[in-house]
Each structure stands twice: as structure tokens, then as C-alpha cells.
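Before any comments, here is the structure.
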Amino acid sequence: MKQITVLTLCAMLFAPCSFADAQQAGKVFRIGFLDNSTASGSAGLLDVFWQDMRKLGWIEGKNITMEYRFAENKGPERQRELAADLVRLKVDLIVVSSGPPALAAKNATTTIPIVMTNAGNPVGEGLVASLARPGGNITGLASLSGQLNTKRLEILKDAVPKLARVGLLRGSGASIAGDLQLKEIRPAAVALKLKLEEIETQADAKGLESAFQTAKQKQVNGIVTVTSRPFFAERKRIVELAVKYRLPAIYFQKEFVDEGGLMSYGADYVDLYRSAAVYVDKILKGAKPADLPVQQATKFEFVINLKAAKQIGLTISPDLLARANKVIR
């Protein structure tokens, strides 16, 4: 009887210590990373993610490994294939770069935890039941990208006084994330008395060159893009084309401005990837995604590049410069 009591007590004491047991046993956790764009396009943000993972005690190759899967802008079917591949590998957790790969991962598994780094509209995209109570195997960060498109249009109108016609670069084909953004930006353009010229394009050299030629033919006075990982991956090419065609443009991440772009307004993605590391840490230590509320972006950046403005002959007003978080001179 005494032996049974001791065994029962041991079981009670050690049952909740799965993470500690795993660490003592030398378990190496395996996580997946699923992105609908490219490895080069995501490199900088992944570096930030791993910096914070190391601060939390996770060392790649020692107690954790990551399986990287990039869809190379090849669309939903490729994302579904890669998500299924990660599930077959029985990874302990999947990190996703945005809404579309999150949806692919969700359709592939209902049990493996999924952490979003920057989904635009997790509820609208059908990823979680609500931000406060995700309810399933998905949680993480929301970047509010769709809602911010209205603000970008307002800033572009302030920067270009005679703005009347705006070229909107959007991915070809329908997507839940893209459609949600269009529902936000179309009425915003009407309210601002702007003509929105929607230009579908593939995020590659040929498609983007053609898109800017179309924009010029339609006599647009400025450019905005929907928020998408494929466009982010091709930010250098997009920025170069905006300069080539002398079109003022506002982008959804400051990394576009780092490449020579004119302006950006959006969530601080570095902060989002740092926060994603915290979610991964908590889940690997036993927390359930359903119990971790989705966190909305809290840091936003408005960046202006005066060098880029000079290249296209645009004068930025002092009032607009005063509103910027950062001005590159």
C-alpha cells in the first residue's frame, strides 16, 4: 500500500512537468515555418525571430530545429502541399508568415499548434473564432493590414496634392485575405474622391513590369499595393519600378523604404516576429493555443524617404514630414 501511495504521489508531481521532462531527456523540438513567399524575402524577419528565441533559451540545432517551407509565390495549392508535408513530419508546432499559409496549415491539421506572425484579419479569414478566444489550434499576431489600407490612401493623398487616380497592385486570382482588403480599400477610395485602378499581377519580374506599364497607361498619379507576402518578397523590384516610372508610392512595411521606397505606413513587423517567439516559447512549454488570445499589432510606423521623393521630383510638405516617425534625408 505504501509503495502504491509513493508511486501515485510521484505521478501527481511529475505529470505537469512534460516540458521539464523533455528537456532533461534531451528532446529536440521540431517546428515548421510555412511562408507563401521566398526564403530571401523572409530572411531578415526570421533573423529577428531567432534572436528572441535564443533569448528565451532556444538554440537552433541544440534543443530545437526548424523545417523551412517556402511556396515561392506559387499559390494556394503549393501552400497546401507544403503544409501537408510538415504535418507528415509530425512537427511539434508550425509558424506561419501570414493569413494564406495559416489557412493552408489549418486545413492540414487540427492538432498541431499553429502560430501566426502577422495575419491581416484572423477572424475574417476564418482562422480563429475570435481574437480573445481563438478556440482551436491557432493563435499569434494580427497586423491589421487591411484596415490600414485606408490610412495609406489618406497619406498618399496628402503627399500628392493633385492625386486623382491611384493604381492598386493586387495579386492575380481570388483569395480570402486579398478580398477582405479590397472590401476595405474600395469604399475608402470613394470617400477620398479617388479613382482606384485595380491592376492584377503576378509577383515576378515580367508581371510587375507589365503592371507598372499598365499603371502608366491608365495615367495614375500614385501607387499602393495590397498587403501580401509575395509583394513583400519582391519589394526591391517594386521600388525600382516605382522610381523608373516616376510614380509616388506608399507601402505596407518599412522594409520597402529601406530598399529606396518613398513612404510606408504599417505595423512594426520586427515587433510582431519578436512576439511570435514568445508564443512559440509558451506553447512548447505546455500552453494551449486556444487559451492564448490573438494579439493585435500595437506599434505602427510612418516612414518617409526624402531621397526617393527627390528622385521623382516630389516635394513633401512640412506638415506631413512632422507626422512621420522617421525621415530619411
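The values are calculated or read from the model by the stated rules, or taken from the named source; none is laboratory data. Treat the numbers as computed from the prediction; the structure is a model and nothing was measured. Because the Cβ atoms are built from the backbone with ideal geometry, glycine has one as well, and the counts that use them run over all protein chains shown. Remember, those area values only see protein heavy atoms, side chains included, never the ligands or the DNA or RNA. Shrake-Rupley method; radii C 1.70, N 1.55, O 1.52, S 1.80 Å.
Do you know which of the residues in the stretch 214-228 that are of a type in the set (Gly, Ala, Ser) and in contact with a helix residue (DSSP H, G or I) (Cβ under 8 Å, 6 or more places away or on another chain) is most open to solvent (accessible area, probe 1.4 Å)?
Step one: filter the stretch 214-228 for residues of a type in the set (Gly, Ala, Ser), giving 215, 222, 228.
Those left that are additionally in contact with a helix residue (DSSP H, G or I) (Cβ under 8 Å, 6 or more places away or on another chain): 222, 228.
Details: Gly222: 0, Ser228: 31 Å².
For the stretch 214-228, the residue satisfying everything is Ser228.
Here the condition is being closer than 25 Å to Glu184 by Cβ and surrounded by fewer than 18 Cβ atoms within 10 Å (Cβ to Cβ); of Gly57, Gly126, it holds for Gly126 alone. Take Arg170 and tell me if it is under 30 Å from Leu86 (Cα atoms), in contact (Cβ under 8 Å) with a residue 24 or more places away in the chain and in contact with a Gly (Cβ under 9 Å, 6 or more places away or on another chain). It is true that Arg170 is under 30 Å from Leu86 (Cα atoms), in contact (Cβ under 8 Å) with a residue 24 or more places away in the chain and in contact with a Gly (Cβ under 9 Å, 6 or more places away or on another chain).
Taken over the stretch 129-147, the criterion of being of a type outside the set (A, V, I, L, M, F, W, C) and either open to solvent by 10 Å² or more (accessible area, probe 1.4 Å) or touching a Ser or Thr at 6+ places or on another chain (Cβ under 9 Å) (or both) is satisfied by Ser130, Arg133, Gly135, Gly136, Asn137, Gly140, Ser143, Ser145, Gly146, Gln147. One residue stands out among those in the stretch 12-51 that are modelled with pLDDT under 95 and among the charged types (D, E, K, R): the one that is nearest to Ala119 (Cα to Cα), which is Lys27. Comparison of Val243, Val278 shows that the only residue that is assigned to a helix (DSSP H, G or I), open to solvent by 10 Å² or more (accessible area, probe 1.4 Å) and either under 21 Å from Lys162 (Cβ atoms) or in contact with a strand residue (DSSP E or B) (Cβ under 6 Å, 6 or more places away or on another chain) (or both) is Val243. Across the stretch 178-185, a minimum of one residue is classified as part of a helix (DSSP H, G or I), of a type in the set (Gly, Ala, Ser) and open to solvent by 10 Å² or more (accessible area, probe 1.4 Å). When the stretch 117-168 is filtered for residues that are in a strand (DSSP E or B) and among the polar types (S, T, N, Q), the ones remaining, listed by number, are Thr117, Asn118, Thr139. The residue list Val166, Val190 contains one member that is farther than 24 Å from Arg246 by Cα and either at pLDDT 95 or above or hydrophobic (A, V, I, L, M, F, W, C) (or both), which is Val190. Counting the residues of the stretch 314-327 that are open to solvent by less than 60 Å² (accessible area, probe 1.4 Å) and not in a strand (DSSP E or B) gives 6. Can you spot a residue in the stretch 291-302 that is within 30 Å of Ile64 (Cβ to Cβ), free of Cβ contacts under 8 Å to residues at least 12 places away in the same chain and surrounded by 15 or more Cβ atoms within 10 Å (Cβ to Cβ)? No: the stretch 291-302 contains no residue that is within 30 Å of Ile64 (Cβ to Cβ), free of Cβ contacts under 8 Å to residues at least 12 places away in the same chain and surrounded by 15 or more Cβ atoms within 10 Å (Cβ to Cβ). Looking for something among the hydroxyl-bearing types (Ser, Thr, Tyr), part of a strand (DSSP E or B) and at pLDDT 95 or above - is there at least one such residue anywhere in the stretch 100-116? No, that holds for no residue. Taking the listed residues Asp291, Asp281, the one that is of a type in the set (Asp, Glu) and within 23 Å of Ser130 (Cβ to Cβ) is Asp291, with no other qualifying. In the stretch 92-103, how many are aliphatic (A, V, I, L, M) and open to solvent by 10 Å² or more (accessible area, probe 1.4 Å)? Number of matching residues: 1. Inspection of the stretch 287-303 finds a residue satisfying the criterion of being out of contact with any helix residue (DSSP H, G or I) (no Cβ under 8 Å at 6 or more places or on another chain), farther than 23 Å from Asn36 by Cα and of a type in the set (Gly, Ala, Ser).
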